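Before any comments, here is the structure.
The values are calculated or read from the model by the stated rules, or taken from the named source; none is laboratory data. Note that the structure is a prediction, hence the values are computed from the model and not measured. Because the Cβ atoms are built from the backbone with ideal geometry, glycine has one as well, and the counts that use them run over all protein chains shown. Areas reflect the complete protein model, heavy atoms only, side chains present, ligands, DNA and RNA absent. Shrake-Rupley method; radii C 1.70, N 1.55, O 1.52, S 1.80 Å.
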Amino acid sequence: MIPPKPHVAAMDAYALADLTPPPGKPLISFCQNESFRPPSPRAAKAAASAALDQHLYPDPDWTALRNAIGKVHNIDPAQIICGNGSLDLIGCLARAYLGPGDAALAPAHAYPFFRTATLSAGARFDTAPERELTADADALISAVMFDTRIIFVANPGNPTGTRIPRSELIGLRQALADDVMLVIDEAYGEFADHLNEPVFDMVALDNTVVLRSFSKAYGLAGARVGWGLFPPAITGNVRKLLNPNNVSAASQVAAIAALEDQTYMRETCAMTAGIRDRFCAQIAGLGLTALQSFTNFALIRFASPEAAQSADSHLRSEGVFLRPQGGAGLPDCLRATIGVADDMALAASLLKDWINKEGRS
Ligand SMILES: Cc1ncc(COP(=O)(O)O)c(C=O)c1O
């Protein structure tokens, strides 16, 4: 038998959500941070119209999609790369700039795929403390080592849902040496766009990459489209590692149509925020902590890991699945993706039943 590379043998597989409902119950999943709303009808129509051309390869340069992104965000399409989800781009960045003897750094409770991508490149993954479950630029600066090559910051973060202001990201970039790349992952960026703190201009500072996704606010998680704005020096190296034809033709046209319907996307963000904030207020009313979120999910903190596990089991026995966060170093938390209002009310009422049954929070 051929042994795998030692760093691959040593790493755990990326932990996927368990979506097996209890016998006889329908599954209500709050696990995957998908949009509760389907994409704009224009996107669905565009994807359907691409069905007849499936004998052809997609545009490997995503030309129309890059132009559409450039127009919406007022950025240079030549510096955009599209990925099979933003995961694709995170993986290529890790493979292009990390290897044995290098390290990547991220906030303590960062998106777990940063770790997977780093370890799969054979590099070490370090973390820096957070401040109240929020990325802390000063702590990241202090944690930089001689071999740190990439700092990953998801802003807003997952699973925390919290964010840091643009000024802190700029301070972080300015404190870093030129040979340290800052990757700002804005997969949930659209949910915070109303704060008017875009960071695309930071790419001009060099060694800084900003990633976005169509999976969240645009409701296209199944289409697998992510994109990033890259400095020219990084673009060529990432492109060498991409699977050519990485984004299907149907997905490219769906993403373009979704971009052209900004009203629908903004409406999705506003509806999500309304349901989320009502849910968080209900959770707080139960004596649990729900972090202020700038995303399409809420992180609920319990008194202990045992309490979180007990609440999780109670909800699961009813077919309602929240996502445990032990893998992100938060075993006392469950993360709830924001669903339709009725489903959120069900989750809140099951948590209330659990508190009444267990007499604890
Ligand atoms: C912070 C963060 N980055 C990236 C991704 C991956 O997004 P995509 O679906 O574009 O690959 C996610 C998905 O949950 C995420 O939470």
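Here the accessible area of the range 41-261 is 53 percent carbon and sulfur, with a 1.4 angstrom probe and all protein chains present. If R0 equals 56 Å, the separation of the Cβ atoms of Asn245 and Ala303 corresponds to a calculated FRET efficiency of about 0.65.
Ranked from largest to smallest solvent-accessible area, with a 1.4 Å probe on the protein heavy atoms, His7, His314 come out as His7, His314. In this calculation the C-beta distance from Arg278 to Ala15 is compared with R0 = 35 Å, giving a FRET efficiency of 0.75.
Near the amide H of Leu182, within less than 5 Å, lie the amide hydrogens of Ile151, Thr208, Val209, all on another chain or at least 5 residues away, with H placed in the peptide plane. Based on alpha carbons, the Rg and Dmax found for the range 258-361 are 14.3, 50 Å.
Of the chymotrypsin sites (Phe, Trp or Tyr not before Pro) in the range 1-83, the ones in a loop by DSSP (not H, G, I, E or B) with at most 14 other beta carbons within 10 Å are Tyr14.
Rounded to the nearest Hz, the phi-derived 3J(HN,Hα) couplings of the range 292-298 under the Karplus curve 6.51 cos²θ - 1.76 cosθ + 1.60 (θ = phi - 60°) are 5, 10, 10, 9, 9, 8, 10, where x marks glycine and proline. Expressed as a whole number of Å, what is the distance separating the alpha-carbon centroids of the range 73-144 and the range 155-215? Here the answer is 11 Å between Cα centres. The coefficient of translational diffusion for the range 143-291, derived via Stokes-Einstein from the alpha carbon Kirkwood radius under 37 °C and 0.692 mPa s, stands at 190 µm²/s. Computed about its Cα centre, the charge dipole of the range 41-261 is approximately 540 debye, with only Lys, Arg, Asp and Glu carrying charge at their Cβ. Once the convex hull of all Cα atoms in the range 1-113 is built, its volume per residue stands at 272 Å³.
Across the cross-link table entries Lys25/Lys45; Lys216/Lys357; Lys25/Lys352, which are compared at the Cα atoms, the separations over 29 Å belong to Lys25/Lys45; Lys216/Lys357.
Residue by residue, the range 309-314 carries 3J(HN,Hα) couplings of 5, 5, 5, 4, 5, 4 Hz when phi is fed to the Karplus relation 6.51 cos²θ - 1.76 cosθ + 1.60 (θ = phi - 60°); x denotes Gly or Pro.
The loop-placed GluC sites (Glu not before Pro) in the range 114-188, going by DSSP, that have at most 15 neighbouring Cβ atoms within 10 Å of their Cβ come out as Glu132. For the range 41-261, the per residue solvent-accessible surface stands at 40 Å², with DNA, RNA and ligands left out and a 1.4 Å probe. Averaging the Cα positions of each part gives two centres, and for the range 2-61 and the range 290-361 these lie 23 Å apart. Packing, as the average of other Cβ atoms within 10 Å across residues, places the peptides 16-23, 173-180, 230-237, 159-166 in the order 159-166, 230-237, 173-180, 16-23, highest first.
What 222 nm value per residue comes from the helices of the chain, counting each DSSP H run with n ≥ 4 as -39,500 (n - 2.57) and dividing by all residues, nearest 500 deg cm²/dmol? Rounded to the nearest 500, it is -12000 deg cm²/dmol. Under 16 Å from a label point set 7 Å out along the Cα-to-Cβ vector of Asn237, the amide N atoms of the range 160-189 belong to 177-184. Packing around the peptides 297-303, 329-335, 193-199, 64-70, taken as the average count of other Cβ atoms within 10 Å per residue, puts them in this order, highest first: 297-303, 329-335, 64-70, 193-199. Each of Asn67 and Asp193 was given a label point 7 Å from its Cα along the Cα-to-Cβ line. The distance between the two points is 2.0 nm. For His7 and Ser142, a Förster radius of 25 Å and the Cβ-Cβ distance give a FRET efficiency of 0.40, rounded to the nearest 0.05. Hey, what D do you get for the range 41-261 in µm²/s if you plug the Kirkwood alpha-carbon radius into Stokes-Einstein at 37 °C and 0.692 mPa s? This corresponds to a translational diffusion coefficient of 187 µm²/s. Spin-label pair Asp179-Thr263: with each label point 7 Å from Cα along the Cα-Cβ axis, the two points sit 5.3 nm from one another.
On the principal axes of its alpha-carbon atoms, the range 238-283 has extents of 48, 24, 15 Å, going from largest to smallest. In the range 267-315, the ratio of gyration radius to Kirkwood radius, Rg to Rh, stands at 1.03 when only Cα atoms are counted. Histogrammed with a bin width of 5 Å, the alpha carbon distances of the range 85-195 distribute as 2, 13, 26, 25, 21, 11, 2, 0, 0 percent, first bin at zero.
Couplings for the range 277-290, taken from phi via the Karplus curve 6.51 cos²θ - 1.76 cosθ + 1.60 with θ = phi - 60°, read 5, 5, 4, 4, 5, 4, 5, 5, x, 8, x, 9, 9, 10 Hz in order; Gly and Pro are left as x. Dividing the Cα radius of gyration of the range 70-132 by 2.2 N^0.38 Å, with N the residue count, gives 1.33.
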